[in-house]
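For reference, the structure is listed below as structure tokens.
The values are calculated or read from the model by the stated rules, or taken from the named source; none is laboratory data. Because the structure is predicted, anything quoted here is derived from the model rather than measured. Note: ideal-geometry Cβ built from the backbone for every residue, glycine included; neighbour counts use all protein chains shown. Remember, those area values only see protein heavy atoms, side chains included, never the ligands or the DNA or RNA. Shrake-Rupley method; radii C 1.70, N 1.55, O 1.52, S 1.80 Å.
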Amino acid sequence: MINKILLAVFFITLTSQSIKVQAQSAATLLTDIKVSTSDSLTIERVDGQKIIVVWPYRKNIQKAVAWEKLLEDFQADFRKVYKDIPDYDYYHIDYSQKKSLVVNQVIGRQTFTVDEQESINYVKSNLCLLKGEKLRISIEFTDYEELLDPSLKQDITNAVAQVKNKFYISMVSPERHLFEVKSNKMFKPKRKYKFFVPLGVQLGVLRNKPYIEVRPGLGVIVDNTGYIALQYNLMTQYNDLSRKTEYDHYIGLSSGSIPHGFGSDLGIAVKNGITGNQNIALRAGINFRTKGGILMSAHYYLDASEERNNEGIDFGFSIGYGF
């Protein structure tokens with residue numbers, strides 16, 4: 001029994017890693033990094049302007065993220081052209097590392113803050129976006145001279161030095177860091193949790209027989225980027241010989257990205273009523289939910305019967321709507 005469970009876990013892990021590699025390869029073609037699989041550092045400067053650094057969640061920003069090189073390359077290229085920038089009221093700088101530097105006139109943003117003496121401070125915000133390989137830095141600024149000032153790099157350096165790197169397991173729990181330059185302190189942004197009721201219906205195939213599955217549950221959405229849920233899965237299948245509908249019951253955990261993306265689930269069989277499924281002990285697998293809410297799943301089913309020996313793993317798939 002233990003050998004079968006280990007074998008099932010091995011196949012599940014192998015398939016999961018394969019899909020993650022494909023997803024990451026496709027992500028390199030996108031303009032922006034997916035926030036749900038990234039860590040971020042927000043730096044609030046003395047004047048209220050913000051710098052945001054975004055990088056892949058698996059990377060240690062102090063050792064394996066080349067943010068300094070990206071900033072230095074931008075400043076070197078920007079020095080060559082900044083005198084030729086038209087006198088726009090507001091503009092947006094878009095820089096791809098060693099590839100292009102584009103300055104676009106845009107509708108600007110004005111920030112007004114009121115202090116304790118009731119005086120009003122005015123901050124004019126332009127935006128500069130630096131794009132490297134799997135790395136983004138956005139910089140709010142008032143005048144272009146700020147982009148060449150040494151304090152820009154120093155503020156990021158001071159903030160990066162206080163990032164505490166951890167070992168992450170879940171893709172639905174990216175790290176968020178907030179650094180305040182004025183106090184020289186790192187703050188931990190509070191996570192946002194929201195309860196919801198996941199519902200879904202699936203049409204699938206197991207052992208060459210079709211089935212319908214209803215998937216109610218109770219879950220929590222974390223930071224509007226991912227969810228984890230406890231679900232009750234009712235699998236129904238019609239038996240032609242007995243001319244009646246039979247049922248299998250599973251209870252398990254599921255997780256995934258919001259509003260769409262990859263996820264996983266693990267279910268333990270609590271009652272086997274479908275003919276031929278009497279010895280299924282558990283199932284586990286991966287899924288992908290589209291922007292339209294279509295859920296596509298692939299599962300491994302573990303058969304605990306002694307007769308099947310090393311053939312105790314079955315493959316099934318399903319497609320439906322919801323969670």
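Can you tell me which residue is most open to solvent (accessible area, probe 1.4 Å) among those in the range 231-256 that are under 15 Å from residue 323 (Cα atoms) and in contact with a Ser or Thr (Cβ under 8 Å, 6 or more places away or on another chain)? Checking each candidate, the answer is 255.
Kindly indicate whether any position in the range 245-258 is free of Cβ contacts under 8 Å to residues at least 12 places away in the same chain and more than 30 Å from residue 40 (Cα to Cα). Among the residues of the range 245-258, at least one is free of Cβ contacts under 8 Å to residues at least 12 places away in the same chain and more than 30 Å from residue 40 (Cα to Cα), which makes the answer yes.
So is residue 160 at pLDDT below 95, β-branched (Val, Ile, Thr) and surrounded by fewer than 16 Cβ atoms within 10 Å (Cβ to Cβ) or not? Considered against the rule, which asks whether it is at pLDDT below 95, β-branched (Val, Ile, Thr) and surrounded by fewer than 16 Cβ atoms within 10 Å (Cβ to Cβ), residue 160 comes out as no. Going by what's in this entry, would residue 302 be described as open to solvent by 20 Å² or more (accessible area, probe 1.4 Å), more than 14 Å from residue 213 (Cα to Cα) and hydrophobic (A, V, I, L, M, F, W, C)? When the stated conditions are applied, residue 302 does not pass them. The set of residues from the range 39-68 being out of contact with any Lys or Arg (no Cβ under 9 Å at 6 or more places or on another chain), over 12 Å from residue 180 (Cβ atoms) and not aromatic (Phe, Trp, Tyr) comprises 47, 49, 58, 60, 61, 62, 63, 66. A residue that is surrounded by 14 or more Cβ atoms within 10 Å (Cβ to Cβ), in contact with a helix residue (DSSP H, G or I) (Cβ under 8 Å, 6 or more places away or on another chain), assigned to a strand (DSSP E or B) and modelled with pLDDT under 85 can be found somewhere in the range 55-70.
Does any residue of the range 91-107 turn out to be open to solvent by 80 Å² or more (accessible area, probe 1.4 Å) and at positive phi? For the range 91-107, residues open to solvent by 80 Å² or more (accessible area, probe 1.4 Å) and at positive phi: present.
Would you tally the residues in the range 82-135 being aliphatic (A, V, I, L, M), assigned to a strand (DSSP E or B) and modelled with pLDDT of 80 or more?
First, pick out the residues of the range 82-135 that are aliphatic (A, V, I, L, M): 85, 93, 101-103, 106-107, 114, 120, 123, 127, 129-130, 135.
Right, trim to assigned to a strand (DSSP E or B) and you get 93, 101-103, 114, 120, 123, 127, 129-130, 135.
Those left that are additionally modelled with pLDDT of 80 or more: 93, 101-103, 127, 129-130, 135.
Number of matching residues: 8.
Here is the figure for the range 270-283: residues that are under 21 Å from residue 199 (Cβ atoms) and surrounded by 17 or more Cβ atoms within 10 Å (Cβ to Cβ) total 1. Considering the range 124-143, the residues that are open to solvent by less than 30 Å² (accessible area, probe 1.4 Å) and among the hydroxyl-bearing types (Ser, Thr, Tyr) include one that is nearest to residue 39 (Cα to Cα), namely 138.
Residues in the range 190-216 that are open to solvent by 20 Å² or more (accessible area, probe 1.4 Å) and in a strand (DSSP E or B): 193, 194, 195, 196, 201, 203, 205, 209, 210, 212, 214.
Listed by first and then second residue, the pairs with beta-carbon distance under 6 Å, at least 6 apart or on different chains, first residue in the range 283-294 and more than 28 Å from residue 272 (Cβ to Cβ), second open to solvent by 10 Å² or more (accessible area, probe 1.4 Å), are 290/260; 291/260; 293/321.
Quick check on the range 71-88: of everything there that is in contact with a strand residue (DSSP E or B) (Cβ under 6 Å, 6 or more places away or on another chain) and not hydrophobic (A, V, I, L, M, F, W, C), which residue is most open to solvent (accessible area, probe 1.4 Å)?
88
Exactly one of (1) among the hydrophobic types (A, V, I, L, M, F, W, C); (2) touching a residue at least 24 places away in the same chain (Cβ under 8 Å); (3) in a strand (DSSP E or B) is unmet by residue 274. Its number? Status for residue 274: all satisfied but (3).
When you go through 181, 220, 205, 197 one by one, which is the residue that is closer than 30 Å to residue 160 by Cβ and of a type in the set (A, V, I, L, M, F, W, C)? Of 181, 220, 205, 197, the one residue that is closer than 30 Å to residue 160 by Cβ and of a type in the set (A, V, I, L, M, F, W, C) is 181.
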